[in-house]
1. With respect to ARG79, determine if the residue is free of Cβ contacts under 8 Å to residues at least 40 places away in the same chain, out of contact with any Pro (no Cβ under 6 Å at 6 or more places or on another chain), farther than 22 Å from ILE14 by Cβ and not aliphatic (A, V, I, L, M).
2. Taking the stated definitions as given, is GLY117 under 27 Å from GLY34 (Cβ atoms), among the small types (Gly, Ala, Ser) and in contact with a strand residue (DSSP E or B) (Cβ under 7 Å, 6 or more places away or on another chain)?
3. Is it the case that region 15-29 has a residue that's of a type outside the set (Phe, Trp, Tyr) and not in a helix (DSSP H, G or I)?
4. Whether any residue in region 68-87 is within 17 Å of the chain's Cα centre (by Cα), at pLDDT below 90 and over 26 Å from ASP40 (Cα atoms) is what I want to check.
5. Do any strands (runs of 3 or more DSSP E) entirely within region 44-137 hold 1 or more residues that are of a type in the set (Asp, Glu), and if so, which?
6. Residues VAL62, VAL57, VAL41: which one is β-branched (Val, Ile, Thr), in contact with a helix residue (DSSP H, G or I) (Cβ under 8 Å, 6 or more places away or on another chain) and under 18 Å from ARG79 (Cα atoms)?
7. List, please: which pairs have Cβ atoms under 6 Å, are six or more places apart or on different chains, and start with a residue in region 86-98 that is over 20 Å from GLU111 (Cβ atoms) and end with one that is modelled with pLDDT under 85?
Amino acid sequence: MDEAVATGIPSKHIPTAWPEVQHLISSALDHSRGELTLEDVYERLLSTEMQLWVVFVRDEVVAAMTTELVFYPRKKICRIVTLGGWDFQQWGEHIELVADWARSTGCDHIETFARKGFARAAKRFGFEEQYTVLSKSL
């Protein structure tokens with residue numbers, strides 16, 4: 001695989017980038033429990049409540065990630081909300097770009113709610129399982 005390049009997309013460029021990334025974000029949302037719609041993510045990106053990160057190989061978008069900042073009384077967290085793409089093992093180290101940004105904003109941790117397969121793959125990049133989230137539909 002050619003060298004992957006990752007970048008953050010400023011909110012003013014979301015409308016231009018959206019057609020290239022919405023299918024990747026949608027595929028990530030397919031594995032959620034319906035907390036957000038694609039339209040919700042788009043609106044939150046425009047309002048800067050969420051951030052968009054894109055990984056390119058050559059001129060092709062191979063991954064898109066969204067993050068949000070979460071404020072607890074004693075911690076500031078960067079939460080990966082969606083991550084869609086392919087060949088994660090080839091570009092996963094670019095999550096460090098997000099970590100650098102999160103550190104620069106005063107975050108203490110990066111967290112994400114992930115499927116078990118992704119949790120295993122992410123260990124290679126320094127992530128460790130902290131919690132198991134259980135849910136029951138009502």
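1. On the way: free of Cβ contacts under 8 Å to residues at least 40 places away in the same chain: yes; out of contact with any Pro (no Cβ under 6 Å at 6 or more places or on another chain): yes; farther than 22 Å from ILE14 by Cβ: no; not aliphatic (A, V, I, L, M): yes.
Here the answer is no, as ARG79 does not meet what is asked.
2. On the way: under 27 Å from GLY34 (Cβ atoms): yes; among the small types (Gly, Ala, Ser): yes; in contact with a strand residue (DSSP E or B) (Cβ under 7 Å, 6 or more places away or on another chain): no.
The answer is no for GLY117.
3. Taking region 15-29 as the starting set, the residues that turn out to be of a type outside the set (Phe, Trp, Tyr) are 15-17, 19-29.
Subset that is not in a helix (DSSP H, G or I): none.
So far as region 15-29 goes, no, none of its residues is of a type outside the set (Phe, Trp, Tyr) and not in a helix (DSSP H, G or I).
4. yes
5. Working: elements: 50-57, 60-71, 76-85, 109-112.
Qualifying strands (runs of 3 or more DSSP E): 60-71, 109-112.
6. Values: VAL62 fails: under 18 Å from ARG79 (Cα atoms); VAL57 fails: under 18 Å from ARG79 (Cα atoms).
The conditions single out VAL41.
7. Short answer, once both residue conditions are applied: GLN90/MET1.
So that you can scan it fast, the table gives a plain yes or no per residue for (1) of a type in the set (A, V, I, L, M, F, W, C); (2) closer than 25 Å to PRO19 by Cα; (3) surrounded by 12 or more Cβ atoms within 10 Å (Cβ to Cβ):
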position: GLY34; (1), (2), (3): no, yes, no
position: ASP40; (1), (2), (3): no, yes, yes
position: GLY92; (1), (2), (3): no, yes, yes
position: VAL98; (1), (2), (3): yes, yes, yes
position: HIS109; (1), (2), (3): no, no, yes
position: GLU129; (1), (2), (3): no, no, no
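The values are calculated or read from the model by the stated rules, or taken from the named source; none is laboratory data. In this text, all values refer to a predicted model and were calculated from it rather than measured experimentally. Neighbour counts run over all protein chains shown; Cβ positions are idealised from the backbone, glycine included.
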